[in-house]
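Written below as structure tokens is the structure these notes are about.
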Amino acid sequence: MDNLTEELQKVKEILLNRNAILVSMTDISKITGVSARQLRYWEQKGYIESVHDQSENRKYNITAMVKIGMIKNFIDEGFTVAKASEKAQEADQITTALHRVDSEKFNQASVNDTGLEFDLGSVAGLDEGKKLFLNVPTDKDSFFEIR
């Protein structure tokens with residue numbers, strides 16, 4: 001069984017650092033289909049936030065990029081920009097919770113004969129020493145296991 005814990009920690013450091021990847025306004029426009037003018041307006045209204053680099057250019061982190069895409073999709077579905085932003089904020093709460101679970105629980109990973117296994121640690125109500133594992137086989141659906 002190959003231990004991937006060190007590699008997992010490196011990947012998590014990158015993914016959990018929301019400012020590790022910054023994208024320019026031009027690139028965000030290309031990726032999401034939202035014009036630079038709209039982005040500036042949304043930022044002025046507080047719907048999105050940018051990070052300014054040393055030259056004061058607007059850059060967007062991965063969280064903002066996802067939120068921009070969600071707002072655009074909700075607008076395309078017929079919502080106002082204000083309601084679309086509200087719905088995107090609700091979805092962002094889910095993303096934040098998933099980031100938290102990731103940072104707290106996905107700390108050990110290994111490769112076995114069938115795929116990957118994540119040690120999710122102890123679970124309240126289980127016997128002491130028992131842990132929850134998430135198995136991600138390459139050829140079938142993922143499943144949880146208690147050992």
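Please treat every number below as a calculation from the coordinates, not as lab data. All of these numbers come straight from a predicted model, not from anything done at the bench. Positions of Cβ are generated from backbone atoms using ideal geometry, with glycine treated the same way; all protein chains shown enter the neighbour counts.
Below are the figures for this structure:
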read-out	value
Extended-chain gain in nm, criterion 0.36 nm per residue less alpha-carbon gap, LYS30 and HIS99	22.2 nm
Pairwise centroid distance, computed over Cα atoms, of segment 72-147 with segment 15-64, Å	26 Å
Shape category assigned to segment 18-105 from the gyration tensor of Cα positions, a/c cut at 1.5	oblate
Relative contact order (%) - criterion: Cα under 8 Å, at least six apart; region: the chain	20 percent
Test item: Cα-centred dipole of the chain, Lys/Arg +1 and Asp/Glu -1 on Cβ, debye	820 debye
Net charge contributed by nearby residues that have their C-beta within less than 13 Å of LYS87 (K/R +1, D/E -1)	-2
Identified option (computed Rg/Rh (Cα atoms, Kirkwood Rh); candidates (i) 0.94; (ii) 1.18; (iii) 1.10)	(iii)
25 Å Cα-Cα threshold exceeded, pairs from LYS12/LYS72; LYS45/LYS87; LYS30/LYS87; LYS105/LYS130; LYS10/LYS130	LYS12/LYS72; LYS10/LYS130
Only Lys, Arg (+1) and Asp, Glu (-1) charged, at Cβ; segment 81-147 dipole about Cα centre in debye	180 debye
Proxy reagent accessibility, fewest Cβ within 10 Å first, across VAL81, VAL123, VAL34	VAL123, VAL81, VAL34
Separation in nanometres of the label points that stand 7 Å from Cα toward Cβ, at LYS130 and PHE144	1.2 nm
For segment 1-54: rounded, prolate or oblate by the Cα gyration tensor [a/c cutoff 1.5]	prolate
Value of [θ]222 nm, deg cm²/dmol, for the chain, DSSP H segments ≥ 4, -39500 (n - 2.57) each, nearest 500	-15000 deg cm²/dmol
